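Written out below as structure tokens is the structure these notes cover.
The values are calculated or read from the model by the stated rules, or taken from the named source; none is laboratory data. A quick note: this is a predicted structure, and the numbers were derived from the prediction, not measured. Neighbour counts are summed over all protein chains in view; Cβ atoms, including those assigned to glycine, are modelled from backbone coordinates with ideal geometry. Side chains are part of the model used for accessible areas, which takes the heavy atoms of the whole protein and leaves out ligands, DNA and RNA. Shrake-Rupley method; radii C 1.70, N 1.55, O 1.52, S 1.80 Å.
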Amino acid sequence: MTGPFPTSPSFSGYNAPSRIECDVYDLEVEGEIPADLNGSWYRCGPDPQYPPHLGDDIYINGDGMISMFRIEDGHVDFKMRYVQTERWKAERAARRSLYGKYRNPWTDSPEVKGKSRGTANTTPVWHGGRLLVLKEDHVPMEVDPDTLATRGEFTWNGKLRSKTVTAHPKIDPVTGELLLFGYECEGDGSSAMCFLVEDKHGNLIREEWFEPPYVGMIHDFAITTDYVIFPVLPTTMDPDRLKAGGDHWKWDGSLPGWVGIMPRAGTAADMKWFEVPTAFAFHVINGFNEGTQAHIDLMVSNRNAFPFIGDITGAEVDPQEGVPYATRWSFDMTSTARDGGFRSTRLAEHPGELPLVDARRVGQPYRYTYVAMIDPAQRMHMSGPTYMGANMIGKVDVAENALQAYPGTDETTFQEGAFIPRGPGEDDGWYINVADRHDQNRTDLLIFDAKRIADGPVATVRLPLRLRNAFHTTWVPAT
Ligand SMILES: [Fe+2]
């Protein structure tokens, strides 16, 4: 038997572990599934297998659970499985939790010393004919795209030297390449970063290592036609703190930020590091370059936005300082100034997170981003890692600083959605997301016409179970 999970916010209410692996054939559909919508929507998030042996834990430390909605000729089937990592298998065999704090191997039980700590709980990505599941502190896991059975660790046949790979890779829609990076590449507590390229056929063709100005939480990056852009911001790691059993991350507002910009045609030796004002950013919207300017658009807040990351001074996290806005950081690549002629422009007055763009516009100029939003005027519900579920879906026009929104109901929160192209226009397509029904303890899949999100869904697909808040998703067309 296993004991009860804690009653803390990471483990209770809508955040209660599900631990359900299941198949549901032919979900109930209200409305009409669009005839041209055929493919698989993969979602990944944490779902702890066992109660934490240290008493409590943060939401993002749970075991990876991957789910799939397969949409075919107007029918929708659902499947959900754990990603069977080395960590998951060790705890399964022991029938209890063996791993300790988030990204701190010095807090593990002795019997798992040296074993992988990877949870594979963040992002599914389809490229090179493979479905990989990613989490930024370990190597990718490969999963069968039809059965969701775990195939094992994926290291390009052992060619990968880095021990870590980001959960925010970018597929360049022009070259077909998958661009990735790693940080803390030699394991938790190390400083090295790397840049990786997988060609369109799935071969690892580039791995270059470099050192950032300091080790920050580098969760996401941007690509443009000519550059890759790495934001290094002061959510910092301290190896001595780890060895003492402390938290991996602490916000250090005394440090500036740095943005590294490397020409894709060059090498790490050509990287320019530009100093930027202290800020917090977790997710990148997009990047592009024009003339001598390189732009990275991200969700920026003044300070750390996460209640589970402490301040290095012990100060309380101020929720107002953590509100993220879509922001463009621009650099002049001919500038010799320490800040590269840095300019910051707010793109939207509507806070949001989990931004996504049309995959055909990645690295290119673009107009629309779809975000999960919190409208303080609407009812709030606890869900996900910050305990504040998004209660509105937004489609932000960054060219016009305009918002189209779908508020759902008082009993609904949303997660990260996906945009599915239909025609050539940037918003000519479908937008899908899940709606957590807090009054019914279950979840719906909603399908919108992306041009008219405010009109509400054209189809609602009813699930008979609750889907815990996932992190990231990927749509793979049937073709
Ligand atoms: Fe993320």
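Tabulated results
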| read-out | value |
| --- | --- |
| Solvent-accessible surface ranking, highest first, for Asp240, Asp297 at 1.4 angstrom | Asp240, Asp297 |
| Overall form of segment 117-204 per C-alpha gyration tensor (a/c, 1.5; a/b vs b/c) | oblate |
| Inter-centroid distance (Cα atoms) of segment 431-473 relative to segment 301-332, Å | 29 Å |
| Cross-link table Lys115/Lys200; Lys163/Lys243; Lys113/Lys200; Lys101/Lys159; Lys79/Lys163; Lys113/Lys163, entries beyond 28 Å C-alpha to C-alpha | Lys115/Lys200; Lys113/Lys200; Lys101/Lys159; Lys79/Lys163 |
| Low-density loop positions, GluC sites (Glu not before Pro), segment 27-68 - DSSP coil, at most 14 other Cβ in 10 Å | Glu32 |
| Three-way shape label, segment 48-194, alpha-carbon gyration tensor, a/c 1.5 | oblate |
| Probe 1.4 Å, all protein chains present, accessible-area order of Met388, Met373, largest first | Met388, Met373 |
| The chain: C-alpha pair distances exceeding 29 Å, % | 46 percent |
| Placed amide H near Gly257: partners under 5 Å, 5+ positions off or other chain | Val276, Thr278, Ala279 |
| Heavy atoms of Thr460: accessible area, 1.4 Å probe, square angstrom to 10 | 20 Å² |
| Trypsin sites (Lys or Arg not before Pro) lying in DSSP loop within segment 285-361, provided at most 14 other Cβ fall within 10 Å | Arg338 |
| For the chain, calculated [θ]222 nm from helices alone, where every DSSP H run of n ≥ 4 adds -39500 (n - 2.57) | -500 deg cm²/dmol |
| Electrostatic dipole magnitude of the chain [Cβ: Lys, Arg +1; Asp, Glu -1; Cα centre; debye, to 20] | 960 debye |
| Equivalent ellipsoid, segment 26-67 (semi-axes from 5 times Cα gyration tensor eigenvalues, Å) | 35, 11, 8 |
| Low-density loop cleavage sites - chymotrypsin sites (Phe, Trp or Tyr not before Pro) in segment 275-369, where at most 13 other Cβ are within 10 Å (DSSP) | none |
| Environment charge of Glu184, counting only residues whose C-beta is closer than 10 Å and scoring Lys/Arg +1, Asp/Glu -1 | -2 |
